[in-house]
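The values are calculated or read from the model by the stated rules, or taken from the named source; none is laboratory data. Since the structure is predicted, the reported quantities are computational estimates derived from the model, not experimental observations. Cβ: placed from backbone, ideal geometry, glycine included. Neighbour counts: every protein chain shown. Areas reflect the complete protein model, heavy atoms only, side chains present, ligands, DNA and RNA absent. Shrake-Rupley method; radii C 1.70, N 1.55, O 1.52, S 1.80 Å.
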Amino acid sequence: MNTCKVATLGIIVLAGQLVFADASYQSTSQMTGGVLQDALKSNPFTARLMKNKLAPITTTITMVHGNQKAVVNKDSTEIIDLDKETIIRLDTGKKTYTVVTFAQMRQAMAKQMEQAQAQTKQAQPPGTDPKQQPGTDPKMTFEASVKNTGMTKVINGLTAQEQVITLQMRATDANAPASGAGNTVALVVTTDVWIVPDLPEMKEIQDFAVRMGQKMMAGVDLSAFTARASGSGNASPFGGRPGSAEAMAQMVKEMAKLKGTHVLEITSMGGTAPAESNPAATPATSPAAAGTQTTASAPLMQMTVQMSNFSHETIPSSVFEVPSGYKKVDSPYDRMSK
């Protein structure tokens, strides 16, 4: 083999090693505030029942090695193998596991789409046009915005910048007088996102997700789904509602501003419309910059998700194997086929 061929082979091998380097990170989540949490904690019965849910939880340790991915939780593990096109789920408490193939998932998606189309046809009487029917549904408006507050702070040794995402949905009774009190209900979801420039470990994991999507959807006909999602079949939550297409376009445009790795997210969900910045109403664990919008009252629920321990260290092959002594059981897909 001549020198040129050897050099070329070396470059290809090196490139392969870079593309398929091991990568992992840890994600923790916790309910950190809100009226719902206070209500659960104040009742002795629900406090005991929800003890584990209210405590800090290490939700996932995600590890990628080439075409294999493992998502490890406290009580379960999911192992995805793109070469074998399988998803193995381990129940660590029961010491059982299930195996689902990509083919089974494709078949299930196709069946669900057929059932949804049949239900839509049954719900619509022959010869009627839903667009010409008298409107009794509430009038819906949707808004999305992403604002860079300019604030930075160090999170787990990484300097992160804050972006505030606000998603708002308003439902107004179309049959009520315009000046009537209480004829509009609003849901506002505000997320403080702390972002760092894209980390190499996350690129490995994101690339895996792309490869999985390509494998999973190979040969799947999405034409029916696309038509329904566009609003023609009411499959979309906003399908057929005036302004929904514009709202989705705005949301996509706003979300495109979020570039980088999210190391901390604090999400507050409330049932009131946004008000001017109100320090007294802003949760202590979710600081907002001056001039940003918050909810006018305490949020219904607040969740905090943090990512840490990003690593390129070698992952043991045993992580992607079924442990000895585990018993295979039928998956929901197996039971559906039977």
task = Pull up the range 66-107, narrow it to residues that are of a type in the set (S, T, Y) and over 20 Å from the mean Cα position of the chain (by Cα), then point me to the one that is farthest from E204 (Cα to Cα).
result = T96
ask   = Which of the residues that make up the range 307-338 are aliphatic (A, V, I, L, M), touching a Leu at 6+ places or on another chain (Cβ under 8 Å) and over 30 Å from L158 (Cβ atoms)?
value = V322
query = For the range 180-275, which fully contained helices (runs of 4 or more DSSP H) count at least 2 residues that are modelled with pLDDT under 80 and out of contact with any strand residue (DSSP E or B) (no Cβ under 8 Å at 6 or more places or on another chain)?
reply = 223-227, 244-255
inquiry  = Regarding the range 43-59, can at least one residue be identified that is in contact with a helix residue (DSSP H, G or I) (Cβ under 6 Å, 6 or more places away or on another chain), open to solvent by 90 Å² or more (accessible area, probe 1.4 Å) and at pLDDT below 70?
reply    = no
ask   = Among the residues of the range 90-118, how many are under 11 Å from Y333 (Cβ atoms) and part of a strand (DSSP E or B)?
value = 4
note = Within the range 69-89, residues open to solvent by less than 60 Å² (accessible area, probe 1.4 Å) and assigned to a loop (DSSP other than H, G, I, E, B) come out as N73, L82, E85
query = Regarding T141, is this residue modelled with pLDDT of 95 or more and touching a strand residue (DSSP E or B) at 6+ places or on another chain (Cβ under 7 Å)?
reply = no
ask   = Name the pairs whose Cβ atoms lie under 8 Å apart, with the first residue in the range 186-209 and in contact (Cβ under 8 Å) with a residue 40 or more places away in the chain, the second of a type in the set (D, E) and not in a strand (DSSP E or B), and 6 or more positions between them or separate chains?
value = E204/D22
message = Take T62 and tell me if it is of a type outside the set (D, E) and within 19 Å of the chain's Cα centre (by Cα).
response = yes
query = Hey, K131 hits all of (1) closer than 30 Å to A249 by Cα; (2) at pLDDT 90 or above; (3) of a type outside the set (V, I, T) but one; which does it fall short on?
reply = (2)
